[in-house]
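Here's the structure we're looking at; comments come further down.
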Amino acid sequence: MRVSFLIVFSLCIFLTGCVQDRVTFFVPDGYVNIDVRVADTLSEQASGLMESSLKDGEGMLFVFPDTAQRAFWMKNVTIPLDIIFVDETKTVNEIKENLPPCERDPCAVYPSLKPARYVVEVPAGFAREHKIIVGSRMTSTVV
């Protein structure tokens, strides 16, 4: 029985990617998990959440090779977002809340005020609802 479970579980991981990438933020009341799509290539980062949506508890994790000031825009994004900027120590150093989708060009650009190594996009209101604040710590199955 145990061997068959391990085989099925291993096949599930290998064939379907059923183990979800996840980010966890430690907040004043405990922690919050977010299932994330990972954007760690230039192509993935350029397209981001264009033409897609997020369910509650889902987000996108941008992983950059260095720590620098980052700028995001909402071109072809279908929902308002919160953008959480995280430094190289995996500490939240800025949150931009309730950013509207771009409805026409030119789109607004939302730069970070401080350098970030990671950025997490979540549906608007998620950061406030789950008490993610500047100083919250992040862990991830990815980085």
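Computed from the coordinates by the stated procedures, all read-outs in this text should not be read as laboratory data. None of these values were measured; they are calculated from a predicted model. No Cβ is skipped: glycine too gets one built from the backbone with ideal geometry, and neighbour counts run over all protein chains shown.
So what is the relative contact order of the stretch 20-140, in percent, for Cα pairs below 8 Å that sit 6 or more residues apart?
Reported relative contact order: 32 percent.
Where a Cα-Cα gap under 21 Å defines reach, which lysines qualify for residue 90, not counting those fewer than 8 residues away within the same chain?
Straight-distance partners of residue 90: 114, 131.
For the stretch 97-105, take each phi angle, set θ = phi - 60°, evaluate the Karplus expression 6.51 cos²θ - 1.76 cosθ + 1.60, and give the result in whole Hz per residue in order, putting x for glycine and proline.
So the J values, rounded to whole Hz, are 9, 6, 7, x, x, 7, 9, 7, 6.
Under the 0.36 nm per residue contour assumption, what length would be gained going from the current alpha-carbon distance of residue 41 and residue 114 to full extension?
Residue separation times 0.36 nm, minus the Cα-Cα distance, leaves 24.1 nm.
Where the centre of each part is set by its Cα atoms, how far does the stretch 52-96 sit from the stretch 97-143, in angstrom?
So the separation of the two Cα centres works out to 4 Å.
Using a simple spin-label model with points 7 Å from Cα along the Cα→Cβ vector, what separation in nm is obtained for residue 22 and residue 58?
Reported label-point gap for residue 22 and residue 58 is 1.7 nm.
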